[in-house]
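Dumping the structure here so I can ask a few things about it.
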2 protein chains.
Amino acid sequence: MNKNEALDAVFNLRSVAIVGVAPGDEGFNTGRLFLNHIIEYGFKGRIYLVNPKGGDVLGLKIYPHLQDIPEPVDYIISCIPAPFVAQLIKDSAAKGAKAVCLFTSGFSEFGTESGRQMEREVQRLAQSTGVRVIGPNCLGIHSPKASFSFAPDLPHETGPVSFICQSGGNTMYLVRAAAARGIRFSKVISYGNACDIDETDLLEYLHRDAETKVVAAYIEGVKDGRRFYRALQELAAVKPVVVLKGGTTGAGARVAASHTAALAVSRDVWMSVLDQAGAIRVDSLDEMADMLVTLQYMPILGGMWVARAGVGGGAGVLATDDWDREGFSLPELPEQVRQAFRDALGNDAGTILSNPVDIPHLGFGHQAFRDALTKLSEFQGIDLLVFHLPIRGIMLSLAIAPILIDRETETIIRLHRESAKPMAVVAHYMATGEGWHFAAKYVKDFYEAGLPVYHSIASAAKAIDRFVRYHRNRTASPQ
Amino acid sequence: MNKNEALDAVFNLRSVAIVGVAPGDEGFNTGRLFLNHIIEYGFKGRIYLVNPKGGDVLGLKIYPHLQDIPEPVDYIISCIPAPFVAQLIKDSAAKGAKAVCLFTSGFSEFGTESGRQMEREVQRLAQSTGVRVIGPNCLGIHSPKASFSFAPDLPHETGPVSFICQSGGNTMYLVRAAAARGIRFSKVISYGNACDIDETDLLEYLHRDAETKVVAAYIEGVKDGRRFYRALQELAAVKPVVVLKGGTTGAGARVAASHTAALAVSRDVWMSVLDQAGAIRVDSLDEMADMLVTLQYMPILGGMWVARAGVGGGAGVLATDDWDREGFSLPELPEQVRQAFRDALGNDAGTILSNPVDIPHLGFGHQAFRDALTKLSEFQGIDLLVFHLPIRGIMLSLAIAPILIDRETETIIRLHRESAKPMAVVAHYMATGEGWHFAAKYVKDFYEAGLPVYHSIASAAKAIDRFVRYHRNRTASPQ
C-alpha cells in the first residue's frame, strides 16, 4: 500500500491493536495508557490488545499473538521492545494492517550500531511488505474525525489545522495550548525517527488533503533535503505552513541527532530554505500557537497602524514599546474620537485620552464609552484595534473581577460583531495559576466570537508582524 | 518632615484616612476599593473615612472633613478630584499627617496647562508644609510588616525585596507574579508622577533600609538624571537593583509622558546609564520576576556548564537550543554517570543517555534512578543542574499526572537538600488554565524547598545568564 493510502486509512481507522499492553493486574504501562486514552476519547471502532501472556484488561481480552485476532486491524501501536519489532512488522503485513506506529524506541536515536541496524531492517520491511511504519519513537496519529487519540485532554472537534511533529511531548503541548485558544485540528501526527513515513511524505499528503487548510510542523531533521524543499514550496504556495525547526544551534542539533537521529544542517541553511519555500518560521511552540491563532482568526490587515485600548497606563507604556519594536505604529487619535472618550470618561482617574487609550475600571460598562469605542473602530487611520485585559493587574480580587471583565468582554465582542475593523485581544498579566484558570473562560468567549487571543503584547506583535509579512510576500511573489 | 522620616512613618503606619470614599449606599468607587482591601489585608491600625456627605460604610463613620477626625492620622489616601487636592494637602498638614498618597489623577500626565499648574502647586505645598506626597496618579504603599495593602491577593509575609513602580497595574502584576514563585516583599510603592517623593528619594531610602536586600524598579522617567545616577550607583554597589525602563522606544516614551509625565531620554542613554551604574536591566515584568527569583534562590555559579534532566526528548532539543543561544554549554556526561542511568532505566522508551537526560515517565520513582541523579549532581563538569517538568507535554491526564509529578518533585527536592550542586526547576508546557492551576502547587513545593522556578527554558537561561554576568562584573570591578 502506498503511503498516501495508508495515511488515509489510518486517519479514518476503524480498528486498532495495541501490542505490548500489560494484563490488568500488572497495572501501569504505556500500552495501558494508550488503551485508556483511546477509550476515553470515545473511539467507536474495535480495540484489540496483544501480549504473549494473554489475560485481559478493562474487560477486553488480550490476544497472545496478532494473528489470533479474528478480524481485520487497520492500525497497530507497538509498545514492545525494539528487538521484537521486525517480527511485528511481518505479522502486521500478514494481518493486512495499513500502518504500524512504533512507540518503541531504542533504534537509531540511541546512537548504537545495533539500533541503526534494527531501524534499517524496519525500513526495509516497510518497503517490502507495504505495511507503512510511523516512527519509531513516537505517539502516532490523533484523528478527531475517527474519534481517535493517544492522549487525554486533546480537543474532540475537527478543525482546519494539521500538525506534523517529530516529538511526542511537543505534539501534546502544542495541541493543548493551541486548543485553549480556539485552534482545532484535522490531522495530528507524532512521527519520531521517520524511518518510513517521513516529513516530506506528510507534507505531500497534507497538500492533497482537502480537510487541511493550514499546516504546522515541528521538525528536527529531514531525510532528503531536495525533496523536502520541493514539497514544502508546493504546499506553501497553496496553504500557510508554520515551521519550528528544533536543533538549530550546534548543541541542539547534536541533541536532535540523539532524539530522532536527525542529520545536522546549519541554522542559516535551514532558515533560508524555509524562507525561500514560503514557510512561516517560528522560534518556539508558543510562537507556533500564536501564529496558528493569527492565521485562523485574523483578517488580512491593510497595514501596521494599531490602536490599543484597555485598563492600565503602565501596561500601555510597555505595550507601546512592544508594538514599536515589531514595527507597528500607534497613530494619534482624531479629535472627534478623543472628544468621544472625554465625554464618556470625564476626568476619571488613570485615563489617557490618546493612543493607547487607558480605560478606567468601569468604563466598559457605560453606553457613552461604547459609543466612543465605536468611533475608535471607525477611525480610518488604524488597521487593527487591540484590547488588552490585564487579568491580575487590577485592584479587584478574582471574586469580584467579573464585574469588570464580564462587561469588557461583552463590549469587545459586541463591537467586533458590529464593526469591520480587524481586532485582537491580549489577555495577559495572569500572574498566578488562579489567574490563568480565571482567564480561560474569557479566552473561550473571545475565540468563540471569532477573535484572536494572545497572552502578551510582545507575542501578539511578533505573530501579527509575521502575518502581515507573509501576506505581503505572497502578494509580491508570482504564485 | 523629611522624606526618609515620612517614608519610615508610612511603611510603619498605624492609622490611615481615605478621603473620597462613597457612603455605603453609593456602592462601588475607588475609595471603597481601598477600604475593602485595607480591611481584608488585616490592617490592625485605625481606619478613618472622609467625605463631605458624611454617612457611614461597613459600620465605619464617614467624617465630613479631615479635621473632624479626633485622633492623629499617619497616611492619607486621596480619591477626590484633582482641583480639591491642594486644599487636602493643607488640611493634612494641619492634621499632622506624614504623607498623602494621591490616587487622584488629572495632573501633569493629562498634558494640559491646568494639570501642570495643579501639580506644581501640590509639589510646592509638600515642600512648604512638610507633608510628603506620593503620586499623583498612583496606589501608594504596600507594607506587609504594617499589615497594610492597597489590593487583594498580595502576599502577607515580609521578604527581602523592595519594589518601586511608576505604574499601579504593573505594581500589582509584578508582586502577584513574583509571589507565586516565592518572592516576598519588604516595601512596595506605586509612586506615579513623582511630584514630591521621586525615584531617587526612593532609591536613597531603600539604600539605607536594612530590611531591603534586593531592589526592583519600574521607571518611566526620572526628575534629575545626575542625582538618579549617583543614587543608583551607590545602591547597586551594595544591593542588587533590577530595573525595567518603560518607554524606551520613541513611541513608548511619548506614552510614558502622558502616563506619568516622564521626560523622554533616548534608549541608548538609558541603557548605558543603567549598565554603568551596575543595575541589572530587564525588558519585561516577567523578566523582572525571573531575575528576582534568580537573585533570591540561585547560589553563585562557577560557570556556564549545565546539565538538564526531565521528561521529553523534543523539549530537550528545544531546551538545548535555548541554553546555547544564551551562551551556556551542555557537556557530555562521563561514562560512570551514563552507566548509572543505563542501569536505572535500561532500554526504556524515550530515553536519551546523554545531556540533556530524557527521563521516561516513571523514572523518578525508582531508587536506581535517584542514585543515577545523585551521580549526575556530583559531576564536576557542570555548574548547574536543571530539571524540567513539561506539565501538559505528557500522556497523563491532570487527574493522574500526580503519579509522575509528585515523585519527580519529591526526588528533585530530596536531591537538592542532599547536594551542594546549584539546581533550578523549569515548570513549563502548562498549556491551559487548568495546567497553570495544577502546576501552582508544585511551584510552591519547589520554592519552599529553596529552588528557583522558571516557566520556560528560554526565560531561565536569560535570567541565569544575567545573574552570572552580574556577579562577574562585581568581581571584576573595584567596589
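Which count do you get for residues in the range A:106-130 that are small (G, A, S), touching a helix residue (DSSP H, G or I) at 6+ places or on another chain (Cβ under 7 Å) and closer than 15 Å to A:P81 by Cβ?
2
Hey, another quick one. Here's a check for you: in the range A:22-51, which residue that is assigned to a loop (DSSP other than H, G, I, E, B) and modelled with pLDDT of 95 or more is farthest from the chain's Cα centre (by Cα)?
That would be A:N51.
Only one of A:E326, A:E332 is modelled with pLDDT of 85 or more, under 21 Å from B:S108 (Cα atoms) and not hydrophobic (A, V, I, L, M, F, W, C). Can you tell me which?
A:E332
Does the range A:169-184 include one or more residues that are on the phi < 0 side of the Ramachandran plot, touching a Ser or Thr at 6+ places or on another chain (Cβ under 6 Å), hydrophobic (A, V, I, L, M, F, W, C) and open to solvent by 10 Å² or more (accessible area, probe 1.4 Å)?
yes
Residues of the range B:424-479 being open to solvent by less than 10 Å² (accessible area, probe 1.4 Å), more than 16 Å from A:W436 (Cα to Cα), within 14 Å of another protein chain (Cβ to nearest Cβ) and not aromatic (F, W, Y), which ones?
B:V426, B:V453, B:I457, B:A460, B:A461
Only residues that are among the charged types (D, E, K, R) and over 19 Å from A:G140 (Cα atoms): list them for the range A:55-89, please.
Of everything in the range A:55-89, those that are among the charged types (D, E, K, R) and over 19 Å from A:G140 (Cα atoms) turn out to be A:D56, A:K61, A:D68, A:E71.
To continue, here is another question. Which of the residues spanning the range A:88-113 are surrounded by 15 or more Cβ atoms within 10 Å (Cβ to Cβ), modelled with pLDDT under 95 and among the β-branched types (V, I, T)?
Matches in the range A:88-113: A:T104 only.
Taking B:G130 as meeting all but one of (1) modelled with pLDDT of 95 or more; (2) open to solvent by 20 Å² or more (accessible area, probe 1.4 Å); (3) over 24 Å from the mean Cα position of the chain (by Cα), write down the number of the exception.
Failing condition for B:G130: (2).
Going by what's in this entry, would B:W270 be described as over 27 Å from B:R417 (Cα atoms), in contact with a Lys or Arg (Cβ under 8 Å, 6 or more places away or on another chain) and within 14 Å of another protein chain (Cβ to nearest Cβ)?
yes
Does any residue of the range A:242-261 turn out to be open to solvent by less than 10 Å² (accessible area, probe 1.4 Å), among the basic types (K, R) and within 14 Å of another protein chain (Cβ to nearest Cβ)?
No, every residue in the range A:242-261 fails to be open to solvent by less than 10 Å² (accessible area, probe 1.4 Å), among the basic types (K, R) and within 14 Å of another protein chain (Cβ to nearest Cβ).
As an exercise: evaluate B:Y63 against (1) open to solvent by 30 Å² or more (accessible area, probe 1.4 Å); (2) farther than 30 Å from B:E113 by Cβ; (3) within 14 Å of chain A (Cβ to nearest Cβ); (4) modelled with pLDDT of 95 or more and give the number of the one condition it does not meet.
Of the numbered conditions (1) open to solvent by 30 Å² or more (accessible area, probe 1.4 Å); (2) farther than 30 Å from B:E113 by Cβ; (3) within 14 Å of chain A (Cβ to nearest Cβ); (4) modelled with pLDDT of 95 or more, the odd one out for B:Y63 is (3).
Mind listing whichever residues of the range A:307-330 are more than 10 Å from chain B (Cβ to nearest Cβ), farther than 18 Å from A:P360 by Cα and not charged (D, E, K, R)?
A:G327
Any idea which of A:A217, A:A194 is open to solvent by less than 10 Å² (accessible area, probe 1.4 Å), under 24 Å from A:E109 (Cβ atoms) and either in contact with a Lys or Arg (Cβ under 8 Å, 6 or more places away or on another chain) or away from chain B (no Cβ under 14 Å) (or both)?
Going through A:A217, A:A194 in turn, the sole match is A:A194.
Just to be sure I understand the filter: pairs with C-beta atoms under 9 Å, separated by 6 or more residues or on different chains, first member in the range A:403-416 and without any contact (Cβ under 8 Å) to a residue 40 or more places away in the chain, second member part of a helix (DSSP H, G or I) and of a type in the set (V, I, T). Which pairs pass?
Final answer for the pair search is none.
Any idea which residue in the range B:363-392 is farthest from the other protein chains (Cβ to nearest Cβ), counting only those that are among the aliphatic types (A, V, I, L, M) and more than 13 Å from B:R338 (Cα to Cα)?
Here the residue is B:L385.
Tell me which residues, restricted to the range A:1-21, are within 18 Å of A:V73 (Cβ to Cβ), in a helix (DSSP H, G or I) and either of a type outside the set (A, V, I, L, M, F, W, C) or at pLDDT below 95 (or both).
Answer for the range A:1-21, where residues must be within 18 Å of A:V73 (Cβ to Cβ), in a helix (DSSP H, G or I) and either of a type outside the set (A, V, I, L, M, F, W, C) or at pLDDT below 95 (or both): A:E5, A:D8.
Would you call A:H156 open to solvent by 10 Å² or more (accessible area, probe 1.4 Å) and closer than 24 Å to A:Y218 by Cα?
Values: open to solvent by 10 Å² or more (accessible area, probe 1.4 Å): yes; closer than 24 Å to A:Y218 by Cα: yes.
Considered against the rule, which asks whether it is open to solvent by 10 Å² or more (accessible area, probe 1.4 Å) and closer than 24 Å to A:Y218 by Cα, A:H156 comes out as yes.
How many residues does the range A:156-172 contain that are away from every other protein chain (no Cβ under 14 Å), of a type outside the set (V, I, T) and in a strand (DSSP E or B)?
Residues flagged as away from every other protein chain (no Cβ under 14 Å), of a type outside the set (V, I, T) and in a strand (DSSP E or B) within the range A:156-172 amount to 1.
While we're here: Looking at (1) at pLDDT 95 or above; (2) open to solvent by 10 Å² or more (accessible area, probe 1.4 Å), which is the only condition A:S143 fails?
(2)
Follow-up question, since we're still on this one. For residues in the range A:72-87 being touching a strand residue (DSSP E or B) at 6+ places or on another chain (Cβ under 8 Å) and open to solvent by 10 Å² or more (accessible area, probe 1.4 Å), which is farthest from A:A9 (Cα to Cα)?
A:I80
Which one of B:E119, B:E109, B:E113 is within 16 Å of B:S258 (Cα to Cα) and touching a His at 6+ places or on another chain (Cβ under 8 Å)?
B:E109
Quick check: anything in the range A:45-52 aliphatic (A, V, I, L, M), surrounded by fewer than 20 Cβ atoms within 10 Å (Cβ to Cβ) and in contact (Cβ under 8 Å) with a residue 12 or more places away in the chain?
yes
For the range B:264-307, how many residues meet the condition of being modelled with pLDDT of 95 or more and among the β-branched types (V, I, T)?
Here the count works out to 6.
Does B:G302 fit the bill of being out of contact with any Cys (no Cβ under 7 Å at 6 or more places or on another chain), touching a residue at least 12 places away in the same chain (Cβ under 8 Å) and closer than 18 Å to A:H259 by Cα?
no
Restricting to the range B:242-287, what's the tally of residues that are touching a Leu at 6+ places or on another chain (Cβ under 7 Å), under 23 Å from B:P136 (Cβ atoms) and small (G, A, S)?
1
Scan the range A:18-42 and report the pairs whose first residue is in contact (Cβ under 8 Å) with a residue 40 or more places away in the chain and within 11 Å of chain B (Cβ to nearest Cβ) and whose second residue is open to solvent by less than 20 Å² (accessible area, probe 1.4 Å) and in a helix (DSSP H, G or I), with Cβ atoms within less than 8 Å and a gap of 6+ or a chain change.
Qualifying pairs under 8 Å: A:G20/A:G31.
Keeping to the range A:52-64, report how many residues are part of a strand (DSSP E or B) and not charged (D, E, K, R).
4
Yes/no matrix, rows are residues, columns are (1) in a strand (DSSP E or B); (2) among the polar types (S, T, N, Q):
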| residue | (1), (2) |
| --- | --- |
| A:S105 | no, yes |
| A:S114 | no, yes |
| A:M118 | no, no |
| A:E121 | no, no |
| A:H142 | yes, no |
| A:K145 | no, no |
| A:L154 | no, no |
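The values are calculated or read from the model by the stated rules, or taken from the named source; none is laboratory data. This one's a predicted model, so the numbers in the text were calculated from it and none came from an experiment. Here the Cβ is made from the backbone with ideal geometry for all residues, glycine too, and neighbour counts use every protein chain on show. Side chains are part of the model used for accessible areas, which takes the heavy atoms of the whole protein and leaves out ligands, DNA and RNA. Shrake-Rupley method; radii C 1.70, N 1.55, O 1.52, S 1.80 Å.
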